[in-house]
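The values are calculated or read from the model by the stated rules, or taken from the named source; none is laboratory data. Values in this document were obtained by computation on a predicted structure and should not be read as measured data. Here the Cβ positions follow ideal geometry from the backbone for every residue, glycine too, while neighbour counts run over all protein chains shown.
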Amino acid sequence: MMRLRYAFAAAGFTLLLWQGIVWITGVPPFILPSPVRVGQAAYANRVLIAENAWVTACEVGLALIIGTVLGAITAVRLAASPRLHRLLTPMLIFTQAVPVFALAPILTLWFGYGIASKVVMAVLIIYFPVTSAFYDGLTRVPAGILDMARTMGGTERQIMRRIKIPHALPSLGTGLKLAAVYAPIGAVIGEWVGASKGLGYLMLLANGRAKTDLMFASLFTLAIMTLLLHVAVTKVSDRLSRY
Amino acid sequence: MMRLRYAFAAAGFTLLLWQGIVWITGVPPFILPSPVRVGQAAYANRVLIAENAWVTACEVGLALIIGTVLGAITAVRLAASPRLHRLLTPMLIFTQAVPVFALAPILTLWFGYGIASKVVMAVLIIYFPVTSAFYDGLTRVPAGILDMARTMGGTERQIMRRIKIPHALPSLGTGLKLAAVYAPIGAVIGEWVGASKGLGYLMLLANGRAKTDLMFASLFTLAIMTLLLHVAVTKVSDRLSRY
Amino acid sequence: MQAPAIQLSGSYHIDGTCLFAPIDMTLPAGEWTCVLGRSGVGKSTILRLIAGVRCEGDFQGEITASDGLPLVGRVSVMAQSDLLLPWLSVLENTVLGARLRGEVPDLQRAGNLLEWVGLARHAGKKPDSLSGGMRQRTALARTLMEDRPVVLLDEPFSALDAGTRADMQDLAAGLLKDKTVLLVTHDPAEAVRLGHQIIVLTADAAQPWTPPSLPPIRDQYAPETVECQAQLLAHLRRAQ
Amino acid sequence: MQAPAIQLSGSYHIDGTCLFAPIDMTLPAGEWTCVLGRSGVGKSTILRLIAGVRCEGDFQGEITASDGLPLVGRVSVMAQSDLLLPWLSVLENTVLGARLRGEVPDLQRAGNLLEWVGLARHAGKKPDSLSGGMRQRTALARTLMEDRPVVLLDEPFSALDAGTRADMQDLAAGLLKDKTVLLVTHDPAEAVRLGHQIIVLTADAAQPWTPPSLPPIRDQYAPETVECQAQLLAHLRRAQ
Amino acid sequence: QDQVTLLLDWFVNPDHGPVIIAQEKGFFAEQNLEVEVIAPADPAAPPKMVAAGQADLAISYQPQLHLQIHEGLPLQRVGTLVATPLNCLLVLKDGPIATPADLKGRKVGYSVGGVEEAMLGQILKTHGLSSSDIELINVNWSMSPSLMSGQVDAVIGAFRNFELNQMEIEGVPGRCFFVEEEGLPSYDELIYVANRDTMDVDMIQRFLAATEKATQYIINHPDESWEVFAGTAPELNDALNAAAWRDTVPRFALRPAAMDAGRYARFETFLNDAGLTDAILPVGTIAIDVTAP
Ligand SMILES: Nc1ncnc2c1ncn2[C@@H]1O[C@H](COP(=O)(O)OP(=O)(O)OP(=O)(O)O)[C@@H](O)[C@H]1O
Ligand SMILES: Nc1ncnc2c1ncn2[C@@H]1O[C@H](COP(=O)(O)OP(=O)(O)OP(=O)(O)O)[C@@H](O)[C@H]1O
Ligand SMILES: [Mg+2]
Ligand SMILES: [Mg+2]
């Protein structure tokens, strides 16, 4: 609850800052509309925004679950086999280095223009931070504990399960918090590549029609969504880190 | 050196996999050209690619330095003041939740069409993972050590400098490794927004004109660049983590 | 700075159960008080309370210094675990206090201390490449570097062999002369050798135990010392 | 499984300097060998060598079991630091070995062990809310849970008060009867009380010290024991 | 020399022929202009930057201009680059769509959100269908790939001088339904826009004079001008651009400064009828003839 209050305080502060920037720099409204204008646009289009936000929220939720599971599994696999790690990590980076935008035609070819391609896009984006952060945690178990586990005759599988994974949960938390922020962007990019619903679609539409205020209203909705997601994930990750 | 060898092995493996996908799925070349075609395009356009890659590399290098410094400073500030953290973090997430693409007109308005706007774009992208991962490390110093430092009469400033920061260096490493992967994407997105040089420009050009092979050649160059950067940053971060 | 006496009285509850009922103890000014007691009875807790460090439980009572001033900034603590920073060398760990206060560390004194605790040759090593006893001696050197009137030592010699232990006792006794010292220990011989006052802590009371009449440091083999030690040991066993 | 005798001979270098010159020691089958020596002399290192755990330095020589079989999987170790996993409760830490081997832990036995080490009431607590001695007893319980013919204990009782320590010694001696045990300790009394064989480790040699003629566990107050203990202490002091 | 910043609508392609030729043949320099040409990825951005004073001129699209002016951007058309629509409804040549009427129940892709749906609506109306008879999908910038791979059955927003050639080269020939033949008022596809409040009319006159001269040169010497165009950057010299050049040449506005008020009035009315705007603005606010005294 505390967190949520601060989140709203921050949202308010952002609004003030935003209005301040608009006043001070005199940036024209078609580049950066004032919060008041955006608020009006948001209110006028509230049904439209809500409908599209719901679509994006579903994509994000799905992607977050899938991406976390995939990322966690990958990290565990990589940590279990140093050779696999050395071979696979560069490949992972390869795939990450390719802007998803460039992969879009391939993805839509395989996954179509439905929800799947957006989820895949978001999964692609969050997969790497989750994998990377969790992997780092898995490989930083103090040597003394591993020595003990080995003299106890622990199997690698059980050592992973009982020692490395619990030890790396705080690091997984770090990755999850990043993922919470990236997943919505991933979904929006997915929508940009081809969609007929969702906040990303709405943004493009508003952009094409030079309705900058509607675009920023969608952006603001997206930002709030991300913020709530981050608050939720931080709670989960704090629980993971507390032992 | 070992790492580099594995990196090349991985690159080779990726190529094989890629060729395999092309063969098996029979995906048309205007969507995913075969590595051979891409290789030919890369060779034919080697000067072009090299010139543009150099531009992007400069942007990435600058962004990585600036982003890391800014991110590290922010993390330290946030860790020094829990109240600042609670207020500022939601704002940070707010800024992160906004796809840089949407901010592009504002950024170009302020930073012009030169290298600055690309660097800013890349900095925006790497800033968050660096801040987030480093912050997590800074706030996970064992309580016993902090208790000791406080009874010693340590100033918060020195506790930060002598204890929290060294303790969080491995986490900073985690963030840096993510940043190394994201910085090139950031620069490319920056170039998409408006540029006449750079790999992003080249990709867009090739993409729009269905020179998919040239696009993939640029992509592959970008991926190799990212990979080398990641290898370098991993070395640095391993040194940070080893004490 | 004159070392104050310290008075602690009160009771301590943790998770709803009582750790110690109202107890009352005084650390006389400029003297060594040795505290013994069963494992888990609350010795380290008392030390943490005096050090003013955050505790899980709930302390009802008060801790006062004889000069009426607050204790903050006048206490030096050596905790039960060594708390060495793995990224600092032995020397750097030793001068950590000064560095944390933003002062220029007295490297001369640190060098001497490391010499006295027998780690001069290892001053540049990182804690990970030290033996258990060497780690403990580094923590001891770090505590002794702090020139505070009140010093709280939580089993500072537990990882040391008999010879080294005696040396470290002598060293600490010498350097902490005229300080108000609280020494938590499990070794009756150590308590009898060093304590101006000996306290046996139980759940109900902090019960003083009369030390030999000679002032510390006492000869471990003097009949009175041996006698006192044997009786204390017997008492501790009984207290079970 | 019959406990084998263990023979260690060789020398150990670390960072180019010699830690111990060629030494030679035997842990007789089914007996307790107590090793004493100055802090940093290499006691823990020898223990790690026998346990087959990765060491920083370079060991030249060999470690053999009397039955000619490799030692892997037949050794249980209690290291100098407790190595408790902070996310597991005391009970879970105690049964960690079985869990790591993918076996179903014998919770009955674990409960008994915790009872015997005096932690039955604390079985559900996390290590962070234990006192130093309680942590050490948890580690001891975890080691005793492992039913291995060779048991290596690195200062297992150092954080315990005299009474608890004697109890734990009795417990360990009872449970590890007929095992080949290596006990690293700093307490001559402990060595004299428990050791079938006593070894004083120096940089040059692993020198045996004749224990009292009675078999362990010996009465600490028997004249012969007291005598042996005093002489051993004097010897250790001289060895400085 | 006067500095001029020109934002293209997209990266350099044959549509920008007159600008490139004027630059290469020194026609800008003759007019005492030094033109900096910048290419963006988002075609919606350049007009905004001109409106914000970040650039002097931008290449944009007539349909978008109407909407932008309605949204309050201080923009005005000052010249024409391509004087016919390029937009078309693109389908597979050998596909099932023989006439737009066949689109019933099918998927249509589009790229830039905004007017394209309205245009498609008009085409559908012409053929007795409505927007609810089809599924619209934003395919962004992969128009021909999504069509060639069968992801969609048609795309609106493809350029007749470009995507058709691209599909030809890829071996999946396409077919265009020209929007102006399917019920839409004709319009200028590519125009130059400037900031209404800050434009430098003299400079724009000289700029347009230079592009006029370049267009004449292109018409008179199509092959030489292609050589010049292709020679400016290695990435421009390929078969696709050569074919696109051939198809684009006849569409360049021969009189870039000339203005047809009726065109702008008709399209303004069309947008209003389509419900995209809530008023009809006088032509004078949308476009001007910079050469008028
Ligand atoms: N990881 C390491 N890297 C480098 N040197 C090490 C390492 N571990 C131990 N040493 C060195 O080896 C020597 C012996 O260490 P060891 O832990 O065996 O001593 P010990 O006899 O157990 O001492 P104590 O009684 O203090 O525990 C020490 O001088 C120490 O500095
Ligand atoms: N952080 C904590 N949370 C909850 N309980 C705690 C915590 N720290 C200590 N305790 C409890 O407080 C009691 C006293 O602990 P304390 O460390 O003071 O014992 P001690 O007398 O120092 O024992 P030892 O000789 O074993 O070090 C123990 O029963 C322990 O379980
Ligand atoms: Mg304690
Ligand atoms: Mg040791």
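Only residues that are under 24 Å from D:Tyr12 (Cβ atoms) and in contact with a helix residue (DSSP H, G or I) (Cβ under 8 Å, 6 or more places away or on another chain): list them for the range D:144-180, please.
D:Val150, D:Val151, D:Leu152, D:Leu153, D:Asp154, D:Glu155, D:Pro156, D:Ser158
What number of residues within the range C:166-177 satisfy the criterion of being surrounded by 23 or more Cβ atoms within 10 Å (Cβ to Cβ) and within 12 Å of chain D (Cβ to nearest Cβ)?
The number of residues fulfilling the criteria is 1.
Which number in (1) farther than 25 Å from D:Gln80 by Cβ; (2) touching a His at 6+ places or on another chain (Cβ under 9 Å); (3) not charged (D, E, K, R) marks the one condition that C:Leu69 misses?
Looking at each condition in turn, C:Leu69 falls short on (2).
Looking only at the range D:17-45, how many residues end up being in contact with a His (Cβ under 8 Å, 6 or more places away or on another chain) and surrounded by fewer than 21 Cβ atoms within 10 Å (Cβ to Cβ)?
Going through the range D:17-45 one residue at a time, the tally reaches 3.
Go through the range C:133-149 residue by residue and tally those that are within 16 Å of ligand 2 (Cβ to nearest atom) and either of a type in the set (Lys, Arg) or touching a strand residue (DSSP E or B) at 6+ places or on another chain (Cβ under 8 Å) (or both). Before you say what the answer is, go through the steps one by one.
Our first condition is that a residue be within 16 Å of ligand 2 (Cβ to nearest atom); within the range C:133-149, this holds for C:136, C:139.
Within this subset, residues satisfying the condition of being either of a type in the set (Lys, Arg) or touching a strand residue (DSSP E or B) at 6+ places or on another chain (Cβ under 8 Å) (or both) are C:139.
Counting residues in the range C:133-149 that are within 16 Å of ligand 2 (Cβ to nearest atom) and either of a type in the set (Lys, Arg) or touching a strand residue (DSSP E or B) at 6+ places or on another chain (Cβ under 8 Å) (or both) gives 1.
Residues that are farther than 30 Å from E:Asn165 by Cα, away from chain C (no Cβ under 14 Å) and among the hydrophobic types (A, V, I, L, M, F, W, C): which helices (runs of 4 or more DSSP H) entirely in the range B:152-240 hold 3 or more of them?
On the way: elements: B:156-159, B:165-193, B:199-208.
Correct list: B:165-193.
Within the set of pairs 6+ apart or on separate chains, which have a first residue in the range E:231-259 that is over 23 Å from E:Ile191 (Cα atoms), a second that is small (Gly, Ala, Ser) and surrounded by fewer than 20 Cβ atoms within 10 Å (Cβ to Cβ), and C-beta atoms under 6 Å apart?
E:Asn237/E:Ala230
Has the range C:16-32 got any residue that is in a loop (DSSP other than H, G, I, E, B) and either within 16 Å of ligand 2 (Cβ to nearest atom) or not assigned by TED's automatic domain parsing to the domain that holds C:His186 (or both)? Don't jump to the end; show me each part of the working.
Taking the range C:16-32 as the starting set, the residues that turn out to be in a loop (DSSP other than H, G, I, E, B) are C:16, C:28-31.
Next, only the ones that are either within 16 Å of ligand 2 (Cβ to nearest atom) or not assigned by TED's automatic domain parsing to the domain that holds C:His186 (or both) stay: C:16.
Yes, the range C:16-32 contains a residue that is in a loop (DSSP other than H, G, I, E, B) and either within 16 Å of ligand 2 (Cβ to nearest atom) or not assigned by TED's automatic domain parsing to the domain that holds C:His186 (or both).
Is there a residue in the range A:82-89 that is buried (at least 20 other Cβ atoms within 10 Å of the Cβ) and aliphatic (A, V, I, L, M)?
There is no residue in the range A:82-89 that is buried (at least 20 other Cβ atoms within 10 Å of the Cβ) and aliphatic (A, V, I, L, M).
Of the residues D:Glu56, D:Glu31, only one is in contact (Cβ under 8 Å) with a residue 12 or more places away in the chain and within 13 Å of chain C (Cβ to nearest Cβ); which? Can you show your working first?
Values: D:Glu31 fails: within 13 Å of chain C (Cβ to nearest Cβ).
Going through D:Glu56, D:Glu31 in turn, the sole match is D:Glu56.
Out of all the residues in the range D:204-224, which are of a type in the set (Ser, Thr, Tyr) and under 21 Å from the mean Cα position of the chain (by Cα)?
Narrowing the range D:204-224 to residues of a type in the set (Ser, Thr, Tyr): D:210, D:213, D:221.
Correct list: D:Thr210 only.
Out of the helices (runs of 4 or more DSSP H) lying entirely within the range B:23-122, which hold 2 or more residues that are among the acidic types (Asp, Glu)? Walk me through it before giving the result.
Details: elements: B:35-44, B:46-80, B:82-97, B:100-111.
Correct list: B:46-80.
Checking the conditions here, which among C:Asp128, C:Asp106, C:Asp67 is within 15 Å of ligand 1 (Cβ to nearest atom), surrounded by fewer than 21 Cβ atoms within 10 Å (Cβ to Cβ) and not small (Gly, Ala, Ser)? Full working, then the answer.
On the way: C:Asp106 fails: within 15 Å of ligand 1 (Cβ to nearest atom); C:Asp67 fails: within 15 Å of ligand 1 (Cβ to nearest atom).
Residue meeting the stated conditions: C:Asp128.
Can you name the number of the only condition in (1) crowded, with 24+ Cβ neighbours inside 10 Å; (2) charged (D, E, K, R); (3) touching a residue at least 60 places away in the same chain (Cβ under 8 Å) that B:Lys235 fails?
It is condition (1) that B:Lys235 fails.
When you look at B:Ile66, is it away from chain A (no Cβ under 14 Å), among the β-branched types (Val, Ile, Thr) and closer than 22 Å to E:Glu235 by Cβ, yes or no? First the steps, then the outcome.
Values: away from chain A (no Cβ under 14 Å): yes; among the β-branched types (Val, Ile, Thr): yes; closer than 22 Å to E:Glu235 by Cβ: no.
No; evaluated as a whole, the condition is false for this residue.
Failed condition for D:Leu100, given (1) closer than 30 Å to A:Ser241 by Cβ; (2) under 20 Å from the mean Cα position of the chain (by Cα); (3) free of Cβ contacts under 8 Å to residues at least 40 places away in the same chain, with all others met?
All conditions pass for D:Leu100, except number (2).
Just for the range C:116-146: of the residues that are assigned to a loop (DSSP other than H, G, I, E, B) and in contact (Cβ under 8 Å) with a residue 40 or more places away in the chain, which one is nearest to ligand 4 (Cβ to nearest atom)? Let's see the steps before the verdict.
Of the residues in the range C:116-146, the ones assigned to a loop (DSSP other than H, G, I, E, B) are C:117-119, C:123-126, C:130-131, C:146.
Cutting the leftovers down to in contact (Cβ under 8 Å) with a residue 40 or more places away in the chain gives us C:117-118, C:126, C:130, C:146.
Details: C:Val117: 16, C:Gly118: 15, C:Lys126: 17, C:Leu130: 9, C:Glu146: 26 Å.
Across the range C:116-146, the extreme among qualifying residues is C:Leu130.
Take D:Arg48 and tell me if it is at pLDDT 90 or above, within 15 Å of the chain's Cα centre (by Cα) and within 14 Å of chain C (Cβ to nearest Cβ).
Details: at pLDDT 90 or above: yes; within 15 Å of the chain's Cα centre (by Cα): yes; within 14 Å of chain C (Cβ to nearest Cβ): yes.
Criteria met by D:Arg48.
Taking the range D:60-114, which residues are part of a loop (DSSP other than H, G, I, E, B), at the interface with chain A (Cβ under 7 Å from one of its Cβ atoms), under 19 Å from D:Leu140 (Cβ atoms) and not hydroxyl-bearing (Ser, Thr, Tyr)? Spell out how you get there, then give the answer.
Of the range D:60-114, the ones part of a loop (DSSP other than H, G, I, E, B) are D:66-74, D:79-89, D:95, D:101-106.
Going one step further and asking which of them are at the interface with chain A (Cβ under 7 Å from one of its Cβ atoms), we end up with D:73, D:79, D:81, D:83, D:85-87, D:101-102.
Subset that is under 19 Å from D:Leu140 (Cβ atoms): D:79, D:81, D:83, D:85-86.
Selection gives D:Ala79, D:Leu83, D:Leu85, D:Pro86.
Given the residues C:Ser11, C:Ser66, C:Ser81, which is the only one that is of a type outside the set (A, V, I, L, M) and free of Cβ contacts under 8 Å to residues at least 12 places away in the same chain?
C:Ser81
Confirm whether C:Ser76 is away from ligand 1 (no atom under 16 Å from the Cβ), surrounded by 14 or more Cβ atoms within 10 Å (Cβ to Cβ) and of a type in the set (S, T, N, Q).
On the way: away from ligand 1 (no atom under 16 Å from the Cβ): yes; surrounded by 14 or more Cβ atoms within 10 Å (Cβ to Cβ): yes; of a type in the set (S, T, N, Q): yes.
Yes: the conditions hold for C:Ser76.
Let me spell it out: the conditions are (1) surrounded by 19 or more Cβ atoms within 10 Å (Cβ to Cβ); (2) out of contact with any strand residue (DSSP E or B) (no Cβ under 6 Å at 6 or more places or on another chain); (3) part of a loop (DSSP other than H, G, I, E, B), and C:Arg48 meets all of them except one. Which number is the exception?
(3)
Taking E:Leu73 as meeting all but one of (1) at pLDDT below 90; (2) closer than 22 Å to E:Tyr110 by Cα; (3) crowded, with 24+ Cβ neighbours inside 10 Å, write down the number of the exception.
Unmet for E:Leu73, out of (1) at pLDDT below 90; (2) closer than 22 Å to E:Tyr110 by Cα; (3) crowded, with 24+ Cβ neighbours inside 10 Å: (2).
Just one of the numbered conditions (1) under 23 Å from B:Ser237 (Cβ atoms); (2) out of contact with any helix residue (DSSP H, G or I) (no Cβ under 8 Å at 6 or more places or on another chain); (3) buried (at least 24 other Cβ atoms within 10 Å of the Cβ) is not true of A:Met148; which one?
Of the numbered conditions (1) under 23 Å from B:Ser237 (Cβ atoms); (2) out of contact with any helix residue (DSSP H, G or I) (no Cβ under 8 Å at 6 or more places or on another chain); (3) buried (at least 24 other Cβ atoms within 10 Å of the Cβ), the odd one out for A:Met148 is (1).
Please determine whether any residue of the range E:174-189 is within 11 Å of another protein chain (Cβ to nearest Cβ), assigned to a helix (DSSP H, G or I) and either in contact (Cβ under 8 Å) with a residue 40 or more places away in the chain or farther than 25 Å from E:Arg263 by Cβ (or both).
To start, the set of residues in the range E:174-189 that are within 11 Å of another protein chain (Cβ to nearest Cβ) comprises none.
No, that holds for no residue.
Kindly provide the set of residues from the range D:181-213 that are farther than 24 Å from D:Arg74 by Cα, within 16 Å of ligand 4 (Cβ to nearest atom) and of a type in the set (Val, Ile, Thr), ordered by number.
D:Val200, D:Thr202
Mind listing whichever residues of the range B:176-199 are touching a Gly at 6+ places or on another chain (Cβ under 7 Å) and over 14 Å from B:Ala63 (Cβ atoms)?
B:Trp192
Return the only residue of C:Leu91, C:Leu84 being among the aliphatic types (A, V, I, L, M) and more than 16 Å from ligand 4 (Cβ to nearest atom).
Numbers: C:Leu84 fails: more than 16 Å from ligand 4 (Cβ to nearest atom).
Being among the aliphatic types (A, V, I, L, M) and more than 16 Å from ligand 4 (Cβ to nearest atom) holds for just one of C:Leu91, C:Leu84, which is C:Leu91.
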